[in-house]
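Beneath this line is the structure, given in structure tokens, with notes to follow.
Derivation of every value follows stated rules applied to the coordinates shown; laboratory data play no part. All figures in this text were calculated on a predicted structure; none of them were measured in a lab. Note that we place each Cβ from the backbone using ideal geometry, even for glycine, and neighbour counts take in every protein chain shown.
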Amino acid sequence: MPKVKTTPSEVKTTSLHAFAAQLRAWRQQMGWTQVELGRKMGYSASLISGVESMDKPPTAEFAAACDKAFGTPGSSEEPGTPGTFMTFYELVAREAYPAFFAPVVPFEREAVRIHGWELGAIPGLLQTEEYARALIRSGRPNDSQDAIDRLVAARIQRQDILGGEHPPMVWYVIDEGVMRHVVGSRTTMAEQLDRVIEAADMPGTVIQVLPFAGDNHAGSDGPISVYEFADAPSVCYTECYSGGRIVEAPTEVAHLMTVINLIRASSLSPRESLELTRRIRSEVV
């Protein structure tokens, strides 16, 4: 495998830098130009250049294409084992999220069903780019624009699983206050509500709204996500301000799934939820 020469000052480099350096090293080792590599991978030379210069973050699909083009260890000999670039991509992806959330990203990709309760914001898998940007910026007023752009790109990229060959079923309950609270601007919020309405009509997606007038509910302690897998026990994730907790104990996962079901029982039906969302949307602009 090509070696990337480093100096002591580069030891603490970012995963993004490491990915870019490996890409450049492998390409040069093969004697390919960016144009030639782009043709082999099915991407433009400008994208190859952007990833090598770290102006554009790699996606999971890009990393897999790199492994295929270069025939890296693990990309074909051992099914199920990530290749060199997919391994680096996992590090890049983890670096793009807060440490407490990074372990959750693989759960989303591997889950066959995702159940969620949200009382603070639209679920990340349903957020528009502008909504995500406004939401992230509001909590990070001192971050640079580049830092915000990376976080937004990482959040939007998570949504690729919904357009994959075998997307997970998603079932969200969203508090009415989330729908009515304007994030960013009225235009941003209108586009976000349009996205929720569109998602509600998609196969494999169930969205319920917990209305202000709903009965007492069990979700006041915070958001909950439960991930079900085809061949592994379910895992739960709960979150609070600047922190999160992964729950794996079967009895506690079962309890939190019961909490979600109790919230569903207090919520509007999917049809009524869609009607309310459309009504709120009509009031925005």
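Observations, loosely collected:
- Span from the region 231-253 Cα centroid across to the region 155-211 one, whole angstrom: 22
- Region 154-168 residues near the modelled F101 label - backbone nitrogen below 15 Å, point 7 Å along Cα→Cβ: 154-160
- Residues M189, M41, M179, arranged from fewest to most other Cβ atoms within 10 angstrom of their Cβ, appear as M41, M179, M189.
- Every helix of 4 or more DSSP H residues in the chain counts as -39500 (n - 2.57), and over all residues that averages to -15000 deg cm²/dmol at 222 nm.
- Ranking of F85, F70 by count of other Cβ atoms within 10 Å, fewest first: F70, F85
- Cβ-based net charge around R271, under 15 Å, with every Lys or Arg adding one and every Asp or Glu removing one: 0
- The tail of the calculated P(r) for region 146-285, taken as Cα-Cα distances beyond 20 Å, holds 57 percent of the pairs.
- Ordering 116-122, 104-110 by mean Cβ neighbour count within 10 Å, with the highest value first, yields 116-122, 104-110.
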